[in-house]
Number of protein chains: 2
Amino acid sequence: MRRALVVSALLSVLGASPVLAVEGMWQPAQLAELSATLKAKGFQLDPASLGDLDSYPMGAVVSLGGCSASFVSPKGLIVTNHHCAYGALQYNSTAEDNLIVDGFLAKSLAEELPGSPGMRVYVTEQITDVTDKVNAGIKPWMTGGERYDAIERAEKSLVAGCETEGYRCSVRTFYGGISYQLIKQMEIQDVRLVYAPPESIGKFGGDVDNWMWPRHTGDFSFLRAYVAPNGHSAPYSKDNVPYQPDQVLKVNPEGLEAGDFVMVVGYPGYTNRYSLAMQVENAVSWRYPKSIQRREDMIAIIDAAAAKDPAAGVAYASTKASLNNYLKNFRGQMEGINRSNTIAAKKALEAELAAWLKEQGGAENLALLADIDKLRDLTAEGMEHRQRDFALGLVGNTDVLSSAVELVHMAKARAKPDAERDPWYQERNWSRHKAGLERMQRRFVPAVDQQFLVYALERYVKLPESERLSSLDNWLDGAASHEELVERVAELFAETKLTQTEDRLHWFASDLAAIQASDDSMLQLALALQPQLQALDDQEEARYGEWSKLKPRQMQAMIAWKASRGQPVYPDANGTLRVTFGTVQGYSPADAVWYEPFTTARGVVEKHTGQVPFNVPEAELEAIKAGDFDGYASEKIGGLPVDFLADLDITGGNSGSPAMDAKGRLVGLAFDGNWESISGSWLFNPKLNRSIQVDVRYMLWVMHHLDHADNLIREMGLEVPSSESSDSD
Amino acid sequence: MRRALVVSALLSVLGASPVLAVEGMWQPAQLAELSATLKAKGFQLDPASLGDLDSYPMGAVVSLGGCSASFVSPKGLIVTNHHCAYGALQYNSTAEDNLIVDGFLAKSLAEELPGSPGMRVYVTEQITDVTDKVNAGIKPWMTGGERYDAIERAEKSLVAGCETEGYRCSVRTFYGGISYQLIKQMEIQDVRLVYAPPESIGKFGGDVDNWMWPRHTGDFSFLRAYVAPNGHSAPYSKDNVPYQPDQVLKVNPEGLEAGDFVMVVGYPGYTNRYSLAMQVENAVSWRYPKSIQRREDMIAIIDAAAAKDPAAGVAYASTKASLNNYLKNFRGQMEGINRSNTIAAKKALEAELAAWLKEQGGAENLALLADIDKLRDLTAEGMEHRQRDFALGLVGNTDVLSSAVELVHMAKARAKPDAERDPWYQERNWSRHKAGLERMQRRFVPAVDQQFLVYALERYVKLPESERLSSLDNWLDGAASHEELVERVAELFAETKLTQTEDRLHWFASDLAAIQASDDSMLQLALALQPQLQALDDQEEARYGEWSKLKPRQMQAMIAWKASRGQPVYPDANGTLRVTFGTVQGYSPADAVWYEPFTTARGVVEKHTGQVPFNVPEAELEAIKAGDFDGYASEKIGGLPVDFLADLDITGGNSGSPAMDAKGRLVGLAFDGNWESISGSWLFNPKLNRSIQVDVRYMLWVMHHLDHADNLIREMGLEVPSSESSDSD
C-alpha cells in the first residue's frame, strides 16, 4: 500500500520505530485479497463474504446520507450516533418539550416520531463496475469541458437506466477515474425517531471534548425505517410498516478488550490521501487559516445575535455546532500536518515514485511521469483565483441569496429535457431541493443572514478589479464601506419574500419567465449573478475534465509501483461502502503520556461539573459512584467501559458506523477520530491516528439503567439485566 | 502514621484501591526507626547513618535559605536548581550581557561571579533537643501573650548562647511545640555563580509547564561556597578560597529506572498536614479566592507598567514569576482539595481520633478531647478579622511603605538591649535587613509601587469602621475614591526619599528621634501606623501563645493514637533537614491516561515552538534529532531521560534537593511537584502526589554536549564522554 511507504518515510523523519497497522478504507470486494491479513488479525468469518453486500454482516450496514448506521432488529430498528439523529431531535423539539435536552424514548411503535424532512436511510443493494461504459463516451481529442460533459452524460444515462421507484443510483469515481461504479441503493423515506439519551450523555463533553481523548460521550441513538405495507419505499404515512431488512447485526453485549480485532463498516465521505504535497502546502498556508478566520467571525455574529434574540440562538444552534466542529478540525489539521511532517512525507513519496518510474524506464513510464507534472501544473492553475473563489464562496453560503440563485438555476434547468439538466437539478433530486427549501426556515434568521452577506461582501469588495463579477459590481453600485453594504443588503432584504417558505416553494415550481417578471429583489439579483456564476462553474468543470485525465495517470503509476511490492492500494473515500479493520489499542499523544484504549464511567464523574457540556444526570453520577453497572462492567478494563480507541481508518461519514468484533457482531459505534487523526485525511499515521467508538456496554447500561429502554434491548435479542438494579433508580 | 489513616479514609471516599507508599518528611533521627521499610524499599546504606549529620550522605546536603542544595566536589562546588540561582543570574545580568538568557559558565575559579546580595549557604552542623529549656520558662498561669514572650525569650537566649562568628542558630518547633530543637548552621557568606544553562533549558516550559507533567525542564545550576583562607565564614573577598566540605555527594551518571528506590534530602519549608478541616474550608472558600484575585490584579498592574516601561518589566520579573507561581499554586490547591475530598477526609480523621479518645476514656484523654475543641475555637477566632488582615496585608506588602515601617520598628528596637528586641530586629539579622533594603532597589519602580498602594487602600477603605486603623484613616483624611487615593499616594511619594537605597540605609542606622525629626512623608506615615500595627502583632502573638498550648495537645492525641497502631508520626515541615524516600513511578492523572515516570529528549523537540518558554537552543534540537546523547541515553527508558517522577513527599524549600539512589549517590535534583501534589501541603495523596526531579543524565548531557562544562564534570569525579560527540556541535 501507498501509505505503508509514506509511513516509513515519515517514520524515518521522526526517527521512530515502525508500527504494524492495517490502515485502509477498503472496498468490500478488496477484502478477499486481504484474507491472510484479516485472519492474522483475528477475523473469524470468511473474508470473502465481506464482498457480498447481501450477506451477513454487510447487508445490515446502511447510509443515512452523511452518516452511517446499521439494522439491529428484523423490524427495521437502526442504531447510529446521537449526533446523526440530532436533526430529528431538533425537528421534534419545542421550547416546552426539548428532546435534545431531555432525550426521547418511544415505548412502542406508536410513540415513534417522524424524522426531520429529508431524513433517509439508504440500503446499498448493488455495485456494478461501469468503467467501460463511462470511458466509451470519452475521446482523446476532447477538451477538458467536453470531457467533463462526456463523463456527466454517461453517468446521467447510467443513473437513469438504473433508478426505479424507491431507489437511488449514483456513479462513483475511484482512483480519480481509473474505475467508475454504479451504486444502487434503496431509499427509505420514512425514518422515525425511536430513542436518544439526553444530550448530557449523548453529547457529553460537547465541543470541548470533540476530537479529543479521553472521551466519555454516549454518542448513540435509535431510529426505525418504515416502508409502505407492500414493502416499497414511501414517504411518511401512518399506514407505513417497519421495514424488514435482509440482514440484522447481532449484538455482542460483552464488548471488546485491548488488543482485540475490530472492524468498522460504513460510508466514509472524503479523503485526499493521494493529493500532492503542494495541495497540503496550500491548505496549511492559505485555506485553513482563511477558513478558521471566517468561521470565528461567523460564530461571533451568531453569538451576538443570540444574545439579543434567543430564537436566533436556537435557529443557528446546529450551524454553530458545525462551524465549531470545522474550526477545531482545521486547527487540528494544521497541527497534525506539522506534527506528522505531512508535506515532507508527501514530497519524499513523490520523489520516490518519480525515481521508480525513471528507474523502470520505457515510454509509458516516462509519459506517466510527464502526466504527473501536468497534474501539478493544473493544480497550481486551480489555486490562481483562490481569493475570488473564497469571497464568492462566502456570498454563496448565505441562505436567502443562495436559495435565489438555486431557484434561477432550477428554472433554467426546467426548460431542458431532464437528461440534459445538470445532475443536481434533475427531477430525481427535486424532493431534496424542496426539503432543503423547507428545512431552511427553521435554521435561519433574516437579520443574521443579512450580516453574513455583509460580511461576505466586505471581503468581495477588497478583491482586485480583475477578480470581480460585473453583475455583482453593478448591483453594489459603488457600495464599499461597511455602512454602505449594510444599507444595500437591508434594501435587498426589504424587497424580497424569499425569507418565507411558501414563496421559495412557489418559485421552485415556476419557470424562468415568471421569475424574470417578478419584482422580488433577491430573485432579480440572482438572475443577474447566475450567468457569471455559471461561467465560473463551467471553468471549474473544464479543469475537472483535465484532472480526470491526469489523476488516473498518477494513480496508475502509484498502483504499478505498489504492485511491484505486492501491496494493494485502496481508493480515497468517496461516500461508498468501505471496511476498515484493526485492533483495539491506545497510543502515546506526547512524550511520557500513554492513552489507554478504554475510558470508564469513573471518568464521567471526574469530568462532571454540573455545567453543560459536562453535566450527566444525577442518577448516572449516583449509579457510577455506587458501582451499579448491571453486569456490564469489565473487570479487565477496570470499570464500565464508555468509549474505546482502535487503529481504524475512518473519516467524516463514518459517524454511526457499527464497530464489529471478529465474528461481525456489534460492539460499539464509531463516532469520532482523535485529535491526531484529523489530518489523517491527507496522510494516515498509524502511531497516532485512532478512531473513537462508543462501547456497546455503555450503550446498554445507559439504555437499561438510566433510560429504561428495555423494550429496545429485548428487540435486539438481548437479555435485560435482572430487575433489582433497574429498580434502584 | 497519621496519613496512612487519612489515606485509607480518603480512598474509601474515592472507592479506589490502597497503594503502598512511604509518605513522610522524616527527621533524620527518625530513619533508624524506619529501618525495615527503608531496606524493603531497596535502600542499601545503613538507615541509622542517616541520623548522623556529619556522615555520608547527610553531611553533603545544605540549605540556601528557601532552597536546598548539595556539595558535589571537595572544592565547595554546589549543585542546586536553576531557579534557586535565578537571583544570582539576574544580579549579574545587564541588558548587553543577559546571563538569564545566555546561561553562564566559569571555566576557572577566577571567572566565577559573586552571588546576589544576601545569598548564603547554610551547613547544618548540630541539632540539639532544647524542649526542656524552652518549657522551663513557661508557667501554667501565663496568658497567651506571656506564654509567647516566654517562648521567645527562651529561644533568643538559646540562640544567643549558640551563635558564634560565622554561625547561625535557630530554635525550631516540632509537632506544634511538643519538641523544640536548636539548630546550628555554618553560614557561608561568599557564594559564587559557577554555571547555569540558558534559561531556554533551565526554565524550559516556564510558567506554562510549572507544576505540570510531562515536564522537560533542565532546572539545575552550580554555585561554589567560599570562605576565608583560615576556613572561617567571611563576606565576599578576592582572597577567599573554596570551602572544603566534610562530605561530598558521589554522582551516579547512570541514573535510575522506573521502580527504583529514590530518596530526597533537603529543607522543606512548610506543610499543614495536621491542620483542622475548618482551616481547609477557610482556605478553599475564602483565602485562596481572595489571594488569586489579588495576584491577578497585581500582575495586570505590572504588565501594564512593563508595556510602557521595559525597565519596570525587568524590575518586577522575579516578583511576577513569584505571583504567577502562587497563582497557579492556589488554583491547584483548590482543585486538589476538591478532587481529593480533603475536607471530608480531615473531618473523618477528626471524628475517628475523637472516637478513639472517647473509647480509651480516662481524664487525660477527655482533657485532650476538650483541648482539641478549644483549638477549634481559637482557630475560628483567628479568622474573625480576616477581611482586615487581608487589606492590611496588601498595604504592608508595598515596598516603600513596608520599608518605612520596618525602619521605624528597627529604630525602636535599637533603643533596647539586643536580648530584648524582637528576634527579627536583633543585631544578628541586621545584615539581612541591609541586604533587603539594598536588593529592593533592583526590584521595584516607584510608579508601580504607588499603584500597589492605591490598590491596597481601595480594599482598605471598604472595611467596616470597626476594622479600620485610626492612624491610617487620619492619614487618608477622607480620601476614598480611586482618584482621591491616587492623589494621596502621589503626594506621599513626592515627599519621600525612601525610594533611594542610600536614604533607606541612612535611616536604618538612625535612632527614633532622628526619624521623628525627619520631614520624610513615608517615615511620618510609618511612625503613625507602626504602634497600631504593633498592637495587631501583639494580639496575633497572644493567639500564638494560646495555640502553642493547644496544638501540642492535638498532636499528643494523634501520636498516642498512631502509636497504638505501631505507626510513627512525622512533624510538619518547618524548614529543617528532612528525608523522604520512595520509588520512581508514574501515575494516572485522569481516567484512561497514564503518565510515565520519565520524560525523554523527544518531548523537548515535541514542545519546542521557538517561542519562550519553549525555545531550546538550535544545537539541542539538532543533537536530539540526531540522537547524539554521548552515552547518557537509556535503552530501557527509550531515549535520553530529562525529568522523572517519584512518590516522594516534598514541598517548597525542597527545590534543589539532591535525589539519591539506594547508595546515596546523586541521580537528580528535586525541583517541583506535579499539579495534583499542590494540595499535598494539606493532605498527601499517595496515588496522585509526585515529586518532579531533573535527571542527572540530562544534566550531564547538557553540561557536556551543549555547554561544554567538562571542567565541572571532571571536578565531580566523572569521566567526560569521548571527544567526537563534543566536537560535533
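Computed values, structure above
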item: Hits in the stretch A:437-482 - residues which are of a type in the set (A, V, I, L, M, F, W, C) and closer than 30 Å to A:Pro117 by Cβ; result: A:Leu437, A:Met440, A:Phe444, A:Val445, A:Ala447, A:Val448, A:Phe452, A:Leu453, A:Val454, A:Ala456
item: Any hit, the stretch A:581-598, residues being among the charged types (D, E, K, R), under 30 Å from B:His216 (Cβ atoms) and buried (at least 17 other Cβ atoms within 10 Å of the Cβ); result: yes
item: Leading residue by the ranking (nearest to B:Thr271 (Cα to Cα)) among those in the stretch B:164-186 that are open to solvent by 40 Å² or more (accessible area, probe 1.4 Å) and out of contact with any Phe, Trp or Tyr (no Cβ under 8 Å at 6 or more places or on another chain); result: B:Ile178
item: Subset of the stretch A:327-368 (residues that are of a type in the set (A, V, I, L, M) and under 16 Å from A:Met555 (Cα atoms)); result: A:Leu349, A:Ala351, A:Leu353, A:Ala354, A:Ala355, A:Leu357, A:Leu366, A:Ala367, A:Leu368
item: Every residue from the stretch A:460-472 that is free of Cβ contacts under 8 Å to residues at least 40 places away in the same chain and open to solvent by less than 40 Å² (accessible area, probe 1.4 Å); result: A:Val461
item: Options A:Leu472, A:Leu485, A:Leu463; residue that is at pLDDT 95 or above and in a loop (DSSP other than H, G, I, E, B); result: A:Leu463
item: The stretch A:74-104, subset out of contact with any Ser or Thr (no Cβ under 9 Å at 6 or more places or on another chain) and crowded, with 20+ Cβ neighbours inside 10 Å, residue farthest from A:Pro245 (Cα to Cα); result: A:Leu77
item: Scope the stretch A:368-385; condition open to solvent by less than 80 Å² (accessible area, probe 1.4 Å), in contact (Cβ under 8 Å) with a residue 60 or more places away in the chain and not in a loop (DSSP other than H, G, I, E, B); matching residues; result: A:Leu368, A:Leu369, A:Asp371, A:Ile372, A:Leu375, A:Arg376, A:Leu378, A:Thr379, A:Ala380, A:Gly382
item: Enumeration of residues in the stretch B:206-219 that are surrounded by 22 or more Cβ atoms within 10 Å (Cβ to Cβ) and either free of Cβ contacts under 8 Å to residues at least 40 places away in the same chain or more than 12 Å from every other protein chain (Cβ to nearest Cβ) (or both); result: B:Thr217, B:Gly218, B:Asp219
item: Of the criteria (1) in contact with a strand residue (DSSP E or B) (Cβ under 7 Å, 6 or more places away or on another chain); (2) modelled with pLDDT of 95 or more; (3) farther than 20 Å from B:Glu622 by Cα, which one B:Asp707 fails; result: (3)
item: Total residues in the stretch A:144-163, condition more than 25 Å from the chain's Cα centre (by Cα), among the charged types (D, E, K, R) and crowded, with 19+ Cβ neighbours inside 10 Å; result: 1
item: Unique residue being surrounded by 16 or more Cβ atoms within 10 Å (Cβ to Cβ), of a type outside the set (A, V, I, L, M) and at pLDDT 95 or above when the list is A:Lys328, A:Lys347, A:Lys320; result: A:Lys347
item: Unmet requirement for A:Asn654, which otherwise passes all of (1) within 12 Å of another protein chain (Cβ to nearest Cβ); (2) in contact (Cβ under 8 Å) with a residue 24 or more places away in the chain; result: (1)
item: Only one of A:Asn240, A:Asn230 that is open to solvent by less than 20 Å² (accessible area, probe 1.4 Å) and farther than 21 Å from A:Phe684 by Cβ; result: A:Asn240
item: The one condition in (1) surrounded by fewer than 24 Cβ atoms within 10 Å (Cβ to Cβ); (2) over 30 Å from A:Tyr274 (Cβ atoms); (3) under 21 Å from the mean Cα position of the chain (by Cα) that A:Val694 fails to fulfil; result: (1)
item: Candidate set: the stretch A:634-644, residues that are out of contact with any Leu (no Cβ under 8 Å at 6 or more places or on another chain) and more than 9 Å from every other protein chain (Cβ to nearest Cβ); chosen: the one most open to solvent (accessible area, probe 1.4 Å); result: A:Glu635
item: Flag for B:Ser431 being open to solvent by 30 Å² or more (accessible area, probe 1.4 Å), at negative phi and not basic (Lys, Arg); result: yes
item: Helices (runs of 4 or more DSSP H) contained in the stretch A:516-633 and holding at least 1 residues within 14 Å of chain B (Cβ to nearest Cβ) and at pLDDT 95 or above; result: A:601-607, A:618-626
item: Residue check for B:Val194: without any contact (Cβ under 8 Å) to a residue 60 or more places away in the chain and farther than 27 Å from B:Ser677 by Cβ; result: no
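Residues checked against (1) of a type in the set (Asp, Glu); (2) open to solvent by less than 40 Å² (accessible area, probe 1.4 Å); (3) in contact with a strand residue (DSSP E or B) (Cβ under 6 Å, 6 or more places away or on another chain); (4) closer than 29 Å to B:Leu669 by Cβ:
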site: B:Thr271; (1), (2), (3), (4): no, yes, no, yes
site: B:Ala277; (1), (2), (3), (4): no, yes, no, no
site: B:Ile301; (1), (2), (3), (4): no, yes, no, no
site: B:Ala307; (1), (2), (3), (4): no, no, no, no
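Here is a yes/no grid of residues against (1) modelled with pLDDT under 95; (2) touching a strand residue (DSSP E or B) at 6+ places or on another chain (Cβ under 6 Å); (3) open to solvent by 50 Å² or more (accessible area, probe 1.4 Å); (4) not in a helix (DSSP H, G or I):
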{"site": "A:Phe390", "(1), (2), (3), (4)": "no, no, no, no"}
{"site": "A:Ser403", "(1), (2), (3), (4)": "no, no, no, no"}
{"site": "A:Leu407", "(1), (2), (3), (4)": "no, no, no, no"}
{"site": "A:Trp424", "(1), (2), (3), (4)": "yes, no, yes, no"}
{"site": "A:Gly436", "(1), (2), (3), (4)": "yes, no, no, no"}
{"site": "A:Met440", "(1), (2), (3), (4)": "yes, no, no, no"}
{"site": "A:Val448", "(1), (2), (3), (4)": "no, no, no, no"}
{"site": "A:Glu458", "(1), (2), (3), (4)": "no, no, no, no"}
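The values are calculated or read from the model by the stated rules, or taken from the named source; none is laboratory data. The structure presented is a predicted model; accordingly, all values stated were derived computationally and were not measured. Note: ideal-geometry Cβ built from the backbone for every residue, glycine included; neighbour counts use all protein chains shown. Protein only, heavy atoms only, side chains kept; ligands, DNA and RNA dropped before computing areas. Shrake-Rupley method; radii C 1.70, N 1.55, O 1.52, S 1.80 Å.
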